[in-house]
Amino acid sequence: MDFKNRTAVVTGAARGIGRDIAIKLAERGANVALIDLEIAGAEETAKECETHGIQAKAYKCDVSSFEDVDGVGKQVLSEFDAVDFLINNAGVVRDRLLLRMTPEDWNFVISVNLTGTFNCCKVLSPHMLKRRQGRIVNVASVIGIMGNAGQANYAASKAGIIGLTKTLAKEFASRGVTVNAVAPGFIDTAMTESLSADIRESMMKMIPLGRFGKGEDVANVALFLLSDMASYITGQVLNCDGGMIMAR
Ligand SMILES: NC(=O)c1ccc[n+]([C@@H]2O[C@H](COP(=O)([O-])OP(=O)(O)OC[C@H]3O[C@@H](n4cnc5c(N)ncnc54)[C@H](O)[C@@H]3O)[C@@H](O)[C@H]2O)c1
C-alpha cells in the first residue's frame, strides 16, 4: 500500500490504536495531522512519524468540542495541502452498570465517542466532498454490535457510530467519498490494561484465535479501508476481533 502525497487526520493518536494507525500510514508515505487531548503523546507520535520523511504535526484538541475541532480543522487545512483521509479513533470508557451510571458518565462517553466523530466529519467532510475524493474510517467496537453489561454508554456510542457511518456513506457516495468502520474486539492497549485478571480470562475464552488483538491488527484493517484496494467498499463495518463476535 502506497500513501505517498496523501494526508491523513488521525484522532486519538497519542497512544494505542491511533498511534499505530498514524505510524503505519507514515511508513507508507502519508503525511499525518495528529489530534489528541494529550499533546505530549501526540507530539511524540509525530516525531516518530517524521522519521519516515513525511510531514507530521500534533494538535491539541478535545474532539467533543465543536469549537475545538472547527479551529483545529481550519489550521490543518491551512498547514497541509489537502486532507485525503479522516480516521476517527479517539475514544473513552466509563464503565458502570446502568443502576450506578450517572448522567455525567453517560454524557461524557457519548460526547467524546459519538459527538466527537460527528464533529470531525462535520468539519472535514466539506473539503473532501468539494475535492470529490476522500475516505473516512470510524473506529467502532464489537460492543456496539453485541452490547456488554456495564457499558451502556460505550455500547450506545459505538452503535451510534455504526449508524452514522452507514448514513454518511449514503450521503457522500455520489461525491466519491467512502465511509467505513472497523469494529475491534479486545485489543491490548491502555484502555483495556486496567481490567481485572478475571475479566481478561473470561474475555480470552470468547476469542477463537486465542489471543488479544494488538493495535497494529486494527491499524492494518484501517489502512486497507483507506487504500485503493477498498475503493468499492462503503458503509461497511469490518470486525477485527479474532472471531469473538462469531463465537457468541
Ligand atoms: N482497546 C480495545 O480493546 C478497543 C476495543 C474496541 C474499540 N476500541 C476503540 O479504539 C479506539 C482507540 O482505543 P485505544 O484502545 O487505543 O484507547 P487509548 O485509551 O489507548 O487511546 C485513546 C486516545 O484517545 C485520546 N482521547 C481521549 N479523549 C479525547 C478527546 N476528548 N479528544 C481527543 N482525544 C481524546 C486519548 O488521549 C488517547 O490518546 C477507541 O475509539 C476505542 O473505543 C478499543
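Using the Cβ of N89 as centre and a radius below 10 Å, the other residues enclosed give a net charge of -1, where K and R count +1 and D and E count -1. Each residue of the stretch 35-49 was assigned a 3J(HN,Hα) from its phi angle through the Karplus expression (A = 6.51, B = -1.76, C = 1.60, θ = phi - 60°), giving 10, 6, 5, 8, 5, 4, x, 5, 5, 5, 4, 4, 4, 4, 5 Hz with x at Gly and Pro. Close amide H partners of L238, meaning residues 5 or more places away or on another chain with modelled amide H under 5 Å apart, are A181, V182, A183.
For the chain, the longest principal axis of the Cα atoms and the long axis of helix 16-27 meet at an angle of about 30 degrees.
Count the net charge of all other residues whose Cβ sits under 12 Å from the Cβ of D2, scoring Lys and Arg as +1 and Asp and Glu as -1.
Taking every other residue near D2 into account, the sum is +1.
Summed over all non-identical Cα pairs, the Kirkwood treatment of the stretch 59-144 gives a radius of 14.1 Å.
Diffusion coefficient of the chain by Stokes-Einstein, Kirkwood radius over Cα pairs, 37 °C, 0.692 mPa s: 183 µm²/s.
I need to check one value: relative contact order of the chain, counting alpha carbon pairs closer than 8 Å and at least 6 residues apart, in percent.
19 percent
Taking every pair of distinct Cα atoms and averaging 1/r, then inverting, what Kirkwood hydrodynamic radius in Å comes out for the stretch 160-213?
13.7 Å
Need the C-alpha centroid separation for the stretch 114-155 versus the stretch 49-97, integer Å. Taking the Cα centre of each part, the stretch 114-155 and the stretch 49-97 sit 13 Å apart. Each stretch of four or more DSSP H residues adds -39500 (n - 2.57); spread over every residue of the chain, this sum gives -13500 deg cm²/dmol at 222 nm. In a reduced charge model with +1 at each Lys and Arg Cβ and -1 at each Asp and Glu Cβ, the chain shows a dipole moment near 760 debye about its Cα centre.
Scoring 232-241, 176-185 by mean Cβ neighbours within 10 Å over their residues and listing the highest first yields 176-185, 232-241.
Normalised by the empirical 2.2 N^0.38 Å for globular proteins, what value does the Cα Rg of the stretch 126-195 take?
The reported ratio for this selection is 1.32.
Note on the chain: with a GNM built from Cα contacts shorter than 10 Å, the maximum mean-square fluctuation among A14, A82, A140 falls on A82.
Where a number appears in this text, it was derived from the coordinates with a stated rule and is not lab data. As the structure is a prediction and not an experimental result, all values here were calculated from the model. No Cβ is skipped: glycine too gets one built from the backbone with ideal geometry, and neighbour counts run over all protein chains shown.
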